[in-house]
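Participant: Please see the structure below; I have some questions.
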Amino acid sequence: MTPPTAPAGALAGIKVLDLSRVLAGPWCTQMLADLGADVVKVERPQAGDDTRHWGPPFLKDDAGRDTREASYFTACNRNKRSITVDMAHPEGQALLRRMAAEADVVVENFKVGGLAQYGLDYASLKALNPRLVYCSITGFGQDGPYAERAGYDLMVQAMCGLMSITGHADGQPGGGPLKVGVAVVDVFTGLYASNAILAALNARDNARNGTGEGQHIDMALLDVGMAVLANQAAGYLATGQAPGRAGNIHPSLAPYQDFRSRDGNVLLAIGNDGQFARFCQACGHPEWAQDARFATNTARVQHRAALLALMEPVLQTRSTAEWIALLEDKAVPCGPINTIAQAFDDPQVRARGIRRELPRDAGDGIAHVATVANPMRLSGTPVSYHRAPPALGQHTDEVLRELGLDASAIAALKAGGAI
């Protein structure tokens, strides 16, 4: 019996030319690749994407020795094909324009106007392919006084105010501005960019009112940094008062933070009055839920210091595991504060298949690469994991053959330094 074929991805048939590097752009294009798009990643000959060299840590070969391939690159380049093209070379530019003419999407994160000199800007490529969806990712957008500046995640975390609300308050041990432990502005920009691309593809191809035309998408890290301030920005806009750093407490909920347990730390995320009442009953202090200072969330936020003074000694009477066991069947959100290693070993994480091992046949001694599963679970067009993050230029010949070049033409391009 012939085994059933895997369903086509949601974006099967969509061709993406990925001119981006580092994190925001590659995160966007990995999302498209996971959904079934054919993503061709263009890299500099010999050097490749900067993140190939952002180590340690490095990938290990079959013998367990460090290679020269940084693990950072693997975070955002799964399911892509890598080709090397020198876009400063006239023949390299011609190749990329030829590929763009057949593509549905181009993603780039060069400085504003940086690709015009190569004929790879939106205006030039739109003339070749009016259906092209062209996404530009920059630090500060295509206009405004900062448009010419380079932008990096850390810089934007500082500028948008995120670091002013992250970390312990001034005057407390360890107080002061703090960046998030992951480049969240880059990651969020990649997610917003992929959403925008999907919207533009729908606007082009929708059966009811599709225009048949592509468009230019202007994504800026600073815009995204401001957008993901979420409730903190809403609070400022409502009151005119800028929030500050408050450690792990929630500005609008209580108790919603970490506590010391008998053997470490435990996290309580109580989001409503019913959960608080059940917690109080379970921990032996039902009277707290009847106290006018704590009966409602607003009252608990207003009397947070008094509430914590009562709770903190009680939380230290049990271990973290004991608190979780006590509360998990009472619909009181409670959990450990894991290391990343502990998180990957969590039974729920294991059950969901979050760690994925992808075989890599690149002839570089790296047999497989471990990646983190895409969290989108589509029943009809599921995410696929068909290709490990590629070696530099692994698919150059393959892609160029698909473009119609024969072996002698490819050899000539290599000899001339275009690829």
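Participant: Can you classify the range 1-75 as rounded, prolate or oblate using the Cα gyration tensor, where a ≥ b ≥ c are the square roots of its eigenvalues, rounded means a/c under 1.5, and otherwise it's prolate if a/b beats b/c and oblate if not? Don't skip to the answer; put the middle values down first.
Facilitator: Numbers: a/c = 2.75, a/b = 1.45, b/c = 1.90.
Because a/c hits 1.5 or more and a/b fails to exceed b/c, the range 1-75 counts as oblate.
Participant: Sorted by mean Cβ packing within 10 Å, highest first, what order do the peptides 140-149, 16-25 take?
Facilitator: 16-25, 140-149
Participant: Candidates (1) 1.00; (2) 1.08; (3) 1.04; which is the computed Rg/Rh (Cα atoms, Kirkwood Rh)?
Facilitator: Computed from these coordinates, Rg/Rh (Cα atoms, Kirkwood Rh) corresponds to label (3).
Participant: May I pose another question? Treating only the Cβ atoms of Lys and Arg (+1) and Asp and Glu (-1) as charged, compute the dipole magnitude of the chain about its Cα centre; round to the nearest 20 debye.
Facilitator: 400 debye
Participant: What size of dipole, in debye to the nearest 20, comes out for the range 72-184 about its Cα centre when the only charges are +1 on Lys and Arg C-beta atoms and -1 on Asp and Glu C-beta atoms?
Facilitator: 300 debye
Participant: At R0 = 51 Å, how high is the FRET efficiency between T381 and A116 if r is their beta carbon distance? Nearest 0.05 is fine.
Facilitator: Numbers: r = 37 Å, r/R0 = 0.72.
So, using R0 = 51 Å, E works out to roughly 0.85.
Participant: Could you let me know the centre-to-centre spacing of the range 23-41 and the range 79-111, using Cα atoms, in angstrom?
Facilitator: With the range 23-41 and the range 79-111 each reduced to a Cα centre, they are spaced 14 Å.
Participant: Here's another thing I want to ask about it. Using modelled amide H (1.01 Å from N, peptide plane; none on Pro or chain starts), what sits under 5 Å from the amide H of F58, excluding residues fewer than 5 places away?
Facilitator: Counting only residues 5 or more places away or on other chains, the set is S71.
Participant: Same structure again: On average, how much accessible surface per residue is there in the chain, in Å², for a 1.4 Å probe, leaving out ligands, DNA and RNA?
Facilitator: 50 Å²
Participant: In nm, give the distance between the simple-model label positions of V180 and T317, each being 7 Å from the Cα along the Cα-to-Cβ direction.
Facilitator: About 3.8 nm, to one decimal.
Participant: Follow-up. Against the longest principal axis of the chain, how steep is helix 90-102, in degrees 0 to 90 to the nearest 10, with axes from Cα atoms?
Facilitator: 70 degrees
Participant: For the range 282-419, with only Lys/Arg (+1) and Asp/Glu (-1) charged at the beta-carbon, what is the dipole magnitude about the Cα centre, in debye rounded to 20?
Facilitator: Computed charge dipole of the range 282-419: roughly 280 debye.
Participant: Give me the net charge for the shell around I165: Cβ to Cβ below 15 angstrom, other residues only, Lys and Arg +1, Asp and Glu -1.
Facilitator: Here the count lands on +1.
Participant: Which whole-angstrom value gives the distance between the alpha carbon centres of the range 350-409 and the range 42-66?
Facilitator: Using only Cα atoms to place each centre, the spacing works out to 16 Å.
Participant: Using the basic label-point model (7 angstrom from Cα toward the beta carbon), what is the A351 to R262 distance in nanometres?
Facilitator: The two pseudo-label positions are separated by 2.7 nm.
Participant: In addition: Using the alpha-carbon atoms, what tilt in degrees (0 to 90, nearest 10) does helix 184-205 show relative to the longest principal axis of the chain?
Facilitator: 60 degrees
Participant: Can you run phi through the Karplus equation (6.51, -1.76, 1.60; θ = phi - 60°) for the range 154-171 and list ³J(HN,Hα) in whole Hz, with x for Gly and Pro?
Facilitator: Taking θ as phi minus 60°, the curve returns 4, 4, 6, 4, 6, 6, 7, x, 4, 6, 6, 10, 10, x, 7, 5, 4, x Hz for the range 154-171.
Participant: Determine, from the Cβ-Cβ distance of A331 and A169 and an R0 of 30 Å, the FRET efficiency 1/(1 + (r/R0)^6), rounded to the nearest 0.05.
Facilitator: 0.45
Participant: Using helices alone, I'd like the mean residue ellipticity at 222 nm for the chain: each DSSP H run of four-plus residues gives -39500 (n - 2.57), total over residue count, nearest 500.
Facilitator: Taken over the chain, the calculation gives -10000 deg cm²/dmol.
Participant: Output wanted: per-residue J couplings in Hz (rounded whole) for the range 339-352, from phi through Karplus 6.51 cos²θ - 1.76 cosθ + 1.60, θ = phi - 60°, x for Gly and Pro.
Facilitator: These are the phi-based 3J(HN,Hα) values: 6, 4, 4, 5, 4, 5, 8, 5, x, 5, 5, 5, 5, 7 Hz.
Participant: So, one more: Just add up the charged neighbours of P177: K/R +1, D/E -1, any other residue whose Cβ is under 12 Å from the Cβ of P177.
Facilitator: +1
Participant: Another question about this same structure. For R401 and A8 in the same chain, what is the full-extension length gain: residue separation times 0.36 nm, less their Cα-Cα distance, in nm?
Facilitator: 139.1 nm
Participant: Indicate the gyration tensor shape class of the range 91-206 (rounded, prolate or oblate), computed on the Cα atoms with a ≥ b ≥ c the square roots of the eigenvalues: a/c under 1.5 is rounded; otherwise a/b larger than b/c is prolate and the rest oblate. Working shown, then result.
Facilitator: On the way: a/c = 3.33, a/b = 2.26, b/c = 1.48.
The shape class here is prolate.
Participant: Just name one of A418, Q232, G174: the one whose Cα is farthest towards the positive end of the charge dipole of the chain (beta-carbon charges, Lys/Arg +1, Asp/Glu -1).
Facilitator: About the Cα centre, the residue reaching furthest to the positive side is Q232.
Participant: Could you tell me what percent of the accessible area of the chain is made up of carbon and sulfur, with a 1.4 Å probe and every protein chain present?
Facilitator: 55 percent
Participant: Still on this structure, I have one more. Please give the length that would be gained between D143 and Y236 if that part of the chain were fully extended, namely 0.36 nm times their separation in residues minus their C-alpha to C-alpha distance (nm, one decimal). Don't jump to the answer; show the numbers that get you there.
Facilitator: On the way: separation 93, 0.36 × 93 = 33.48 nm, distance 2.57 nm.
Taking 0.36 nm per residue and subtracting the Cα distance, the gain is 30.9 nm.
Participant: Here's another thing I want to ask about it. Highest mean first, how do 282-291, 299-308 rank when packing is the count of other Cβ atoms within 10 Å averaged over residues?
Facilitator: Top of the packing list down: 299-308, 282-291.
The values are calculated or read from the model by the stated rules, or taken from the named source; none is laboratory data. Just so we're clear, the structure is a prediction, and the values are computed from it rather than from any experiment. Please note: Cβ atoms are built from the backbone with ideal geometry, for glycine as well, and neighbour counts cover all protein chains shown. Side chains included, ligands, DNA and RNA excluded: accessible areas come from the protein's heavy atoms. Shrake-Rupley method; radii C 1.70, N 1.55, O 1.52, S 1.80 Å.
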